[in-house]
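Colleague: Mind looking over this structure? Questions follow.
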Amino acid sequence: TRFRILLPPADADRQAPRPTPRLGTVVDDAQGRGRVLVVDDEASVGNMIAESLRSAGFEVLLYSDAGDALARIERNPDDLDLIITDQTMPRMSGLELCTRVKALPQVIPLVRVTGYQDTARAKAIGVDHVLPKPFSVVDLLRIARELTSGAAGDAGFDGLPAYPPELAPDHRLDQSGF
């Protein structure tokens, strides 16, 4: 196989392009405020979400077990501003965790991260936003800022993130959760 790559000549007068932000870096000047509890049994995904939120100014509590997270939430729910949970986890699903949190007298915004397209059940129990996998850090931070500032309303169910047609995920084919 032979590849031929044609690039335009470099223009010395042009400004250097802005570097693209690394995963987990703040992509705008708006800083997040508040304490976010993240629940994901997959360490790499949980760490990516937590690090992205921390770099945006949020304080993050990270749990890999939904039962442990629920015990923490029940112990002291008043100091949490947002809960972000994966859907598919052993012993307790994200939907079950959300149902149990919604039964508490405190109102804590909930984001459920999932590779499935079942937003109706989540909306029915009061989940504030369903973030479909794969998701961008920009979308994650936008949603976290909206929900912790109280400006989101029902925005999480108006539609999925806009992908160019050739890059749109086809969740019918990939049920692995990503």
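The values are calculated or read from the model by the stated rules, or taken from the named source; none is laboratory data. No experiment lies behind these values; they were computed from the predicted model shown. Heads up, the Cβs are rebuilt from the backbone with ideal geometry, glycines too, and the neighbour counts pull from every protein chain shown. Side chains included, ligands, DNA and RNA excluded: accessible areas come from the protein's heavy atoms. Shrake-Rupley method; radii C 1.70, N 1.55, O 1.52, S 1.80 Å.
A quick yes/no check of all residues on (1) at pLDDT below 70; (2) assigned to a loop (DSSP other than H, G, I, E, B):
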| position | (1), (2) |
| --- | --- |
| Gly24 | yes, yes |
| Asp28 | yes, yes |
| Asp41 | no, yes |
| Leu61 | no, no |
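Colleague: Restricting to region 47-89, name every residue that is polar (S, T, N, Q), without any contact (Cβ under 8 Å) to a residue 40 or more places away in the chain and in contact with a helix residue (DSSP H, G or I) (Cβ under 8 Å, 6 or more places away or on another chain).
Modeller: Listed by number, the list holds a single entry, Ser64.
Colleague: When you go through (1) over 17 Å from Val36 (Cα atoms); (2) among the small types (Gly, Ala, Ser); (3) without any contact (Cβ under 8 Å) to a residue 60 or more places away in the chain one by one for Gly115, which number turns out not to apply?
Modeller: All conditions are met except number (3).
Colleague: Right, another one. Take the residues in region 109-129 that are buried (at least 18 other Cβ atoms within 10 Å of the Cβ), aliphatic (A, V, I, L, M) and farther than 18 Å from Asp41 by Cβ; name whichever of them is modelled with the lowest pLDDT.
Modeller: Selected residue: Ala122.
Colleague: Also, quick follow-up: Please work out which residue is most open to solvent (accessible area, probe 1.4 Å), limiting yourself to region 84-108 and to residues that are of a type in the set (Ser, Thr, Tyr) and within 18 Å of the chain's Cα centre (by Cα).
Modeller: Thr88
Colleague: Here's a follow-up. Take the residues in region 50-83 that are open to solvent by 30 Å² or more (accessible area, probe 1.4 Å) and of a type in the set (A, V, I, L, M); name whichever of them is nearest to Asp40 (Cα to Cα).
Modeller: Ranking the candidates gives Leu62 first.
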